[in-house]
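As structure tokens, the structure follows; a few thoughts come after it.
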Amino acid sequence: MDAHGVITALACAGDLAFGALAFLRRSKSPLAGLIALLFFDAFIWNFATLAYELSGRPYWHSVDRLFSSLMPAIALHVVIAFIGRGRKMRPVWVAGYVVFGAVGLFVDGDAWWKCLAALGPLVMLLSATLLVQHRQRTTDARERARTELVLLAFSLGAFSLTDLWYQEVSFPLPRLGAIGTLVAMILFATAALRLKLLGEEVPPIVALYALLFGLLWMGLELALVRWLDPTTSPWVLGAFALALVIVASTREAGRLTAVRRARTEELATLGRFAEQFAHDIRNPLAAVKGAVQFLREEHRVGRSLDDQASFLTLIEQQLERVERSVDRYQRIGRVEPRLTRQSLNAVVARVTKLQEHAVDPALSLAAVLPPGLPEAQLDADLVETALENVIRNACEAMPNGGVITLATGYDDACGCVTVTIADEGDGMNARELEQATTLFFTTKAQGSGLGLSFAERVAKAHGGGLALSSVPGRGTKVTLSFTVGAGQA
């Protein structure tokens, strides 16, 4: 094995190690799974290159072509997810997979390298432009540092074109593709370990396991190349890698199935509890209410109740209140608004007053309620519950205290009244911001991932919506809008 072969083997080990590290962090960051896919693709690409050079078998060259063709599409997807625009730019990254997948599968000969030589730089230019724009938009120093490292790492991806020119055109350029992926892996590892690119800080023991795994793979590569003939060793390595992929995929499929089952059971349990609660309470309430009404009638016709009429009235009022509460919880679970025309200012003032006594003493709530705000068709119970959910999220984002501000307003563009809840917490980066309203998504160890999702459902049920803005290190703003008109159930 020559020097280039050793570097390629080292790149394989590095790609596999960091891919495994990202794979282990997939539950901590929405970006981890894509980064794992990127480096597993780089691993297969470099491995196929090494196997082709050792054995000369054409099928390894076909594998090399397929996975090197997919690299620009995966890289573009990673960049789009990194800047938090995965949903808005879905057609772009989907088209990338379709185009580059078709090139890898169906295009051969000179047409293949010409397609990559033409499309590859365009994808690199688009990725670099998106990253530069993201860096200019963000004010958080750590996010800027992450963006710079990612930009540098993807710039090194241009080195892969040297392998293309060397293999397909026989152009006298040094082959730097393996070096480029190896250095990119080091940069991504730096961003993951020092700048929390993969969510929370990576425990040193996890990074050590990934490194040992990569080194073990490299040792196995070199040993098999030394002990076996060039034709056999790639097959042995390939079978070993395939076994690892099958084990990892099976474990991941089991984990996802368990998570889905747990979430389904949680929702089903909540639903059954709500229905059973309503069933068990409503019938006795009807009997008690009837009895109270009978006693009131007895009092009306002159039969003595020992001067307990006012007490009986109070009991009836409280029972009606419990009955309304039962109905309220059922409606909240289904997000079915009963609209009445009322003031959003009054709703916000009521929530603020109640929550002032419920939050931590280190936190304070401030309400900014401009006079003259138009009334809107609202379900006060639903809106209050949505606001309580958002306030609870804000409190959890400020463990050291601070001010939560609730400000109402009117948006002429949509004809909506709005309320913005602003905190002074840690804020969210672009990746977290894009996923924030996704059901069950949470960045907190004990979070349910239901709060913002529920608030968005409530706003949409009123014909409005939810808007998010956040600056890492400075806080988050959640704006709920409600149409002044009839809304939509």
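Summed over the range 121-139, the residues that are outside any helix (DSSP H, G or I) and open to solvent by 30 Å² or more (accessible area, probe 1.4 Å) give a count of 1. Answer yes if at least one residue in the range 4-22 is open to solvent by 40 Å² or more (accessible area, probe 1.4 Å) and not in a helix (DSSP H, G or I), and no otherwise. No. Selection within the range 75-120: residues that are more than 18 Å from Gln133 (Cα to Cα) and assigned to a loop (DSSP other than H, G, I, E, B). The member of this set that is modelled with the lowest pLDDT is Gly109. Can you confirm whether the range 367-377 contains a residue that is open to solvent by less than 20 Å² (accessible area, probe 1.4 Å) and over 29 Å from Arg137 (Cβ atoms)? Taking every residue of the range 367-377 in turn, at least one turns out to be open to solvent by less than 20 Å² (accessible area, probe 1.4 Å) and over 29 Å from Arg137 (Cβ atoms). One residue stands out among those in the range 459-482 that are at pLDDT 90 or above and among the β-branched types (Val, Ile, Thr): the one that is nearest to Pro374 (Cα to Cα), which is Thr479. Checked against (1) crowded, with 21+ Cβ neighbours inside 10 Å; (2) more than 18 Å from Ala191 (Cα to Cα), Pro58 meets all criteria but (1).
For every residue, the table says whether it meets (1) touching a Ser or Thr at 6+ places or on another chain (Cβ under 8 Å); (2) at pLDDT 90 or above; (3) among the small types (Gly, Ala, Ser).
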site: Val419; (1), (2), (3): yes, yes, no
site: Met428; (1), (2), (3): yes, no, no
site: Glu434; (1), (2), (3): no, no, no
site: Thr437; (1), (2), (3): yes, no, no
site: Ala445; (1), (2), (3): no, no, yes
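Take the residues in the range 60-77 that are within 22 Å of the chain's Cα centre (by Cα) and without any contact (Cβ under 8 Å) to a residue 60 or more places away in the chain, then tell me which one is farthest from Thr437 (Cα to Cα). The selected residue is Ala73.
Is it true that Ala184 is at pLDDT 75 or above, of a type in the set (A, V, I, L, M, F, W, C), buried (at least 17 other Cβ atoms within 10 Å of the Cβ) and farther than 19 Å from Tyr52 by Cα? Against the criterion (at pLDDT 75 or above, of a type in the set (A, V, I, L, M, F, W, C), buried (at least 17 other Cβ atoms within 10 Å of the Cβ) and farther than 19 Å from Tyr52 by Cα), Ala184 qualifies. Considering the range 351-407, and only residues there that are at positive phi and part of a loop (DSSP other than H, G, I, E, B), the residue that is farthest from the chain's Cα centre (by Cα) turns out to be Gly372. Only one of the listed residues (Val351, Val390) is out of contact with any Gly (no Cβ under 9 Å at 6 or more places or on another chain) and either crowded, with 19+ Cβ neighbours inside 10 Å or hydroxyl-bearing (Ser, Thr, Tyr) (or both). That residue is Val351.
The values are calculated or read from the model by the stated rules, or taken from the named source; none is laboratory data. Keep in mind the model is a prediction, meaning the values are calculated, not measured. Because the Cβ atoms are built from the backbone with ideal geometry, glycine has one as well, and the counts that use them run over all protein chains shown. For accessibility, only protein heavy atoms count, side chains too; no ligands or nucleic acids. Shrake-Rupley method; radii C 1.70, N 1.55, O 1.52, S 1.80 Å.
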